[in-house]
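Notes for the one structure printed next.
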Amino acid sequence: MDVERLLEESGVVRQGHFVLSSGRHSGTYLQCALALQHPELATRLGAALGELFANEKVQAVAAPALGGILVAHEVARRLEVRGIFAERQEGGLTFRRGFHLEPGERVLVVEDVVTTGGSVREVVELVRRAGAVPVGIGAIVDRSGGEDLGVPFRALIRLNAVSWAAADCPLCRQRLPTEKPGSRHQRL
């Protein structure tokens with residue numbers, strides 16, 4: 001499967017001036033929901049991502065809401081385990097809706113796009129606090145530039161999509177209007 005072409009054809013890759021969920025600015029935004037809205041594409045992407053971790057004896061898949069929910073579901077389907085998600089509550093991620101992990105349970109953390117790794121790191125910490133074992137992090141797209149996430153990190157594709165701290169953003173200096181399409185502070 002040519003993941004990069006699939007994402008391009010689905011309109012996932014957007015150009016403009018974006019404020020990312022991390023607070024960083026970029027001229028490129030990846031809206032994976034535009035591919036994941038199609039069940040057949042979501043299933044193919046999830047299966048391909050799950051395949052990268054097929055030998056890790058994963059017992060559950062966990063993701064940050066909102067972007068990781070469908071990814072977790074489809075990866076869990078491929079690995080034949082349950083998929084759960086963490087939601088923002090009072091400034092941090094937490095498992096709600098009766099979701100929980102058992103001590104010693106082997107958990108794969110997944111996300112649609114990883115830039116700084118902030119959300120997946122938070123989920124890894126939730127996994128550890130539950131006494132479970134984070135076996136890796138998976139993403140459809142890695143745009144982190146090689147960020148060390150503290151556990152094995154694998155992605156379907158790696159894109160070099162530059163981002164800047166707001167104070168260093170050349171697009172801000174050009175006074176281009178910003179768009180903030182991310183979901184970090186959305187409530188379900």
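The values are calculated or read from the model by the stated rules, or taken from the named source; none is laboratory data. Small disclaimer: the values here were computed from a predicted structure and weren't measured. No Cβ is skipped: glycine too gets one built from the backbone with ideal geometry, and neighbour counts run over all protein chains shown.
Do we find that His38 is within 27 Å of Asn160 (Cβ to Cβ) and touching a residue at least 60 places away in the same chain (Cβ under 8 Å) in this structure? Against the criterion (within 27 Å of Asn160 (Cβ to Cβ) and touching a residue at least 60 places away in the same chain (Cβ under 8 Å)), His38 does not qualify.
Check Cys172 against each of (1) out of contact with any strand residue (DSSP E or B) (no Cβ under 7 Å at 6 or more places or on another chain); (2) over 20 Å from Ala63 (Cα atoms); (3) part of a helix (DSSP H, G or I) and name the one condition it does not meet. So the condition that Cys172 fails would be (1). Would you check if there is a residue in the stretch 49-68 being farther than 23 Å from Asp148 by Cα and of a type in the set (Phe, Trp, Tyr)? No.
With the structure loaded, tell me whether Val151 is in a loop (DSSP other than H, G, I, E, B), under 17 Å from the mean Cα position of the chain (by Cα), at negative phi and at pLDDT 90 or above or whether it fails that test. When the stated conditions are applied, Val151 passes them.
Surrounded by fewer than 16 Cβ atoms within 10 Å (Cβ to Cβ) and either over 17 Å from the mean Cα position of the chain (by Cα) or farther than 30 Å from Trp164 by Cβ (or both) - does that describe any residue in the stretch 63-78?
Looking only at the stretch 63-78, we keep the residues that are surrounded by fewer than 16 Cβ atoms within 10 Å (Cβ to Cβ), and these are none.
No, the stretch 63-78 has no match at all.
Reported count of residues in the stretch 1-17, each being under 15 Å from Leu159 (Cα atoms), assigned to a helix (DSSP H, G or I) and either charged (D, E, K, R) or in contact with a Pro (Cβ under 6 Å, 6 or more places away or on another chain) (or both), is 3. Among the residues of the stretch 153-175, those identified as in contact (Cβ under 8 Å) with a residue 40 or more places away in the chain and within 25 Å of Gly50 (Cβ to Cβ) are Arg154, Ala155, Leu156, Ile157, Leu159, Ala161. Residues that are at pLDDT 90 or above, surrounded by fewer than 21 Cβ atoms within 10 Å (Cβ to Cβ) and closer than 16 Å to Asp142 by Cα within the stretch 14-26 comprise just one, Arg14. Can you work out which of the residues in the stretch 113-128 that are without any contact (Cβ under 8 Å) to a residue 40 or more places away in the chain and farther than 13 Å from Asp148 by Cβ is farthest from the chain's Cα centre (by Cα)? Only one residue fits best here, namely Arg128.
Quick one: in the stretch 1-20, which of the residues that are touching a His at 6+ places or on another chain (Cβ under 8 Å) and not aliphatic (A, V, I, L, M) is nearest to Leu176 (Cα to Cα)? Break it down stepwise before answering.
Taking the stretch 1-20 and keeping what is touching a His at 6+ places or on another chain (Cβ under 8 Å), we get 10, 17-19.
Cutting the leftovers down to not aliphatic (A, V, I, L, M) gives us 10, 17-18.
On the way: Ser10: 25, His17: 7, Phe18: 10 Å.
Per the stated criteria, the residue is His17.
Meeting the requirement of 1 or more residues that are of a type in the set (A, V, I, L, M) and closer than 19 Å to Ala155 by Cβ, the strands (runs of 3 or more DSSP E) wholly within the stretch 27-139 are 60-64, 106-114.
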